[in-house]
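Heads up: the structure comes next, in structure tokens.
The values are calculated or read from the model by the stated rules, or taken from the named source; none is laboratory data. Everything quoted here is computed from the prediction, not taken from an experiment. As a convention, Cβ positions derive from the backbone with ideal geometry for all residues, glycine included, and neighbour counts pool all protein chains shown.
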Amino acid sequence: MKPETRIILTEDGSHTLYVDSLGEYYHSVYGAIQESNHVFIWNGLSSIRRQDIVVLEVGFGTGLNALLTYISGKKNKIKIQYDAIELFPLETSLVKKLNFTRFLDMDNPQLLRDLHTLPWNQIHALSDIFTLYKILQDFNHFIPEQKYHVVYFDAFAPDKQPEMWSEKNFAKLFHAMETEGVLVTYCAKGAIKRTLQRVGFGVELLNGPPGKHEMIRAVKPG
Ligand SMILES: C[S@@+](CC[C@H](N)C(=O)[O-])C[C@H]1O[C@@H](n2cnc3c(N)ncnc32)[C@H](O)[C@@H]1O
């Protein structure tokens, strides 16, 4: 069943969503844009020294990470293939109310809406350097067909959705990543760190975004 969500204002002024049934937010209440930039863009995407990067996002959600990745890729002239998996797409009426673009340097103010309205399970060229492939599927049953340089692991917290953070799922991602590829997540729990190490990743604890002490970056060794 599709979870009920409502819009919440976070401390940096940007919106996030709250899922009543899970008691869980889509982003940090200390700042949604701030968290996404810190965890996924600066410590994930920007750590890859390549001019063409293949990204997988687990949990497309509001599209904020996709939006920030598009902006970063354009600014740094990096070609990006962005694959994102999601089981519960949001209603366009809700997406239209999200205020992210107010804080971002956008060449196309409709981009957030487009990210959501473009059909699932098809490849879309959003510019000459950015392609989007949204996969409508349960991540627990997802079989990757591609090798990724960066994985944005943005599932709900391990205590809310433990199956998403299973050793089986991380092993699946490990095998779907290029060597020296990175998996980043806002989570810094010891149990998740150890699961990532067991499947073969080298794990670093980095400073977290404001309001969070640490985050994880897992690297697939060469
Ligand atoms: C923390 S939110 C993601 C936030 C998102 N990255 C953003 O920037 O808005 C977790 C996301 O995982 C999705 N999700 C939950 N269970 C899933 C599953 N089994 N397979 C794929 N996606 C799932 C939720 O619907 C939600 O969009």
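Quick notes on this one:
- Hits in segment 146-156 (condition: in a loop (DSSP other than H, G, I, E, B), more than 9 Å from the ligand (Cβ to nearest atom) and surrounded by 13 or more Cβ atoms within 10 Å (Cβ to Cβ)): LYS147
- Of the residues THR92, THR101, the single one that is more than 30 Å from ILE143 (Cβ to Cβ) and hydroxyl-bearing (Ser, Thr, Tyr) is THR101.
- Any pair with Cβ under 8 angstrom, 6 or more apart, that starts in segment 149-174 at a residue that is over 23 Å from SER36 (Cβ atoms) and ends at one that is within 11 Å of the ligand (Cβ to nearest atom) and not in a helix (DSSP H, G or I): LYS172/PHE142
- The set of residues from segment 85-123 being within 16 Å of the ligand (Cβ to nearest atom), outside any loop (DSSP other than H, G, I, E, B) and among the hydrophobic types (A, V, I, L, M, F, W, C) comprises ILE85, LEU94, VAL95, PHE100, PHE103, LEU111, LEU112, LEU115.
- For ILE78: the one exception among (1) modelled with pLDDT of 95 or more; (2) under 22 Å from THR10 (Cα atoms): (2)
- Residue that is surrounded by the most Cβ atoms within 10 Å (Cβ to Cβ), among those in segment 186-201 that are in contact with a Leu (Cβ under 9 Å, 6 or more places away or on another chain) and not aromatic (Phe, Trp, Tyr): LEU196
- If you filter segment 157-179 down to residues that are touching a strand residue (DSSP E or B) at 6+ places or on another chain (Cβ under 7 Å) and buried (at least 18 other Cβ atoms within 10 Å of the Cβ), you find that the one that is nearest to ASP52 (Cα to Cα) is MET177.
- Considered as a group, the residues in segment 20-70 that are in contact with a Pro (Cβ under 7 Å, 6 or more places away or on another chain) and assigned to a loop (DSSP other than H, G, I, E, B) include one that is surrounded by the fewest Cβ atoms within 10 Å (Cβ to Cβ), and that residue is SER21.
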